[in-house]
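Asker: Take a look at the following structure, please.
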Amino acid sequence: MSDDTKKRPTQAEAEAAVRTLIEWAGDDPEREGLLETPKRVAKAYRELFAGYDVDPREYLARTFDEVGGYDELVVLRDIPVVSMCEHHMLPFLGKAHVGYLPDRRVVGISKLARVVHGFARRMQIQEKLTAQVAEAIQDILQPKGVGVVIVSEHSCMTMRGVNTPGTRLTTSHLLGGVRDDPRTRQEFFELVRSGPG
């Protein structure tokens with residue numbers, strides 16, 4: 001948690017809160033099918049909110065200087081995104097596309113996916129998630145530019161409210177040369193759109 005003075009509720013307190021929600025919804029938490037539900041929900045939420053227990057920026061700490069002169073865009077496409085809308089605590093699911101223009105060093109590609117997952121496993125809005133990923137890469141790797149695009153479907157819109165299944169939200173955050181150089185910007189978006197998916 002960001003505030004060290006705050007005490008995180010216990011597993012038992014989380015399970016009690018789920019039992020309360022079951023009762024509030026109109027069901028009986030002592031019913032056979034629901035007996036283990038509070039424990040399962042608390043365990044699932046621990047996994048869904050695992051991003052609060054890590055600093056995703058640390059995944060970018062180990063870099064490689066031997067790039068053989070490579071100085072073109074590095075783009076990792078179709079990174080699965082599972083996050084929770086902070087307004088309704090309902091999931092949004094989609095894909096992230098992350099690219100950067102190296103400046104003498106690169107990072108292992110799995111680390112880009114780990115950064116996305118680390119920030120995604122928190123309650124937030126997609127716009128913030130997109131910016132967090134891009135700014136972490138920029139701050140730690142110091143590349144010539146960064147681009148992040150996330151496309152996802154939000155349960156808070158598809159399951160409730162306006163009930164519009166199939167709608168997707170696209171957000172992007174561009175920094176440095178990926179934002180400022182029209183050719184690099186175009187290349188980044190072409191690489192994001194290319195291929196299957």
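The values are calculated or read from the model by the stated rules, or taken from the named source; none is laboratory data. Since the structure is predicted, the reported quantities are computational estimates derived from the model, not experimental observations. Here the Cβ positions follow ideal geometry from the backbone for every residue, glycine too, while neighbour counts run over all protein chains shown. Accessible surface is based on the protein model in full, side chains and every heavy atom, while ligands, DNA and RNA are left aside. Shrake-Rupley method; radii C 1.70, N 1.55, O 1.52, S 1.80 Å.
Asker: For the condition touching a residue at least 24 places away in the same chain (Cβ under 8 Å), under 26 Å from Leu48 (Cβ atoms) and either in a strand (DSSP E or B) or open to solvent by 50 Å² or more (accessible area, probe 1.4 Å) (or both), what is the one hit in Val115, Val82?
Answerer: The unique qualifying residue is Val82.
Asker: Looking only at segment 37-71, which residues are at pLDDT 95 or above, open to solvent by less than 90 Å² (accessible area, probe 1.4 Å) and over 23 Å from Gln124 (Cα atoms)?
Answerer: If the condition is that a residue be at pLDDT 95 or above, open to solvent by less than 90 Å² (accessible area, probe 1.4 Å) and over 23 Å from Gln124 (Cα atoms), then Thr37, Pro38 are the ones that fit.
Asker: For segment 89-111, does any single residue satisfy the condition of being surrounded by fewer than 14 Cβ atoms within 10 Å (Cβ to Cβ), free of Cβ contacts under 8 Å to residues at least 40 places away in the same chain and polar (S, T, N, Q)?
Answerer: yes
Asker: Does any residue of segment 43-59 turn out to be touching an Asp or Glu at 6+ places or on another chain (Cβ under 7 Å) and part of a loop (DSSP other than H, G, I, E, B)?
Answerer: So far as segment 43-59 goes, no, none of its residues is touching an Asp or Glu at 6+ places or on another chain (Cβ under 7 Å) and part of a loop (DSSP other than H, G, I, E, B).
Asker: Let me ask something else about it. Checking Ser172 against (1) of a type outside the set (A, V, I, L, M); (2) in a helix (DSSP H, G or I); (3) at pLDDT 95 or above, which test does it fail?
Answerer: Going through the list (1) of a type outside the set (A, V, I, L, M); (2) in a helix (DSSP H, G or I); (3) at pLDDT 95 or above, Ser172 breaks only (2).
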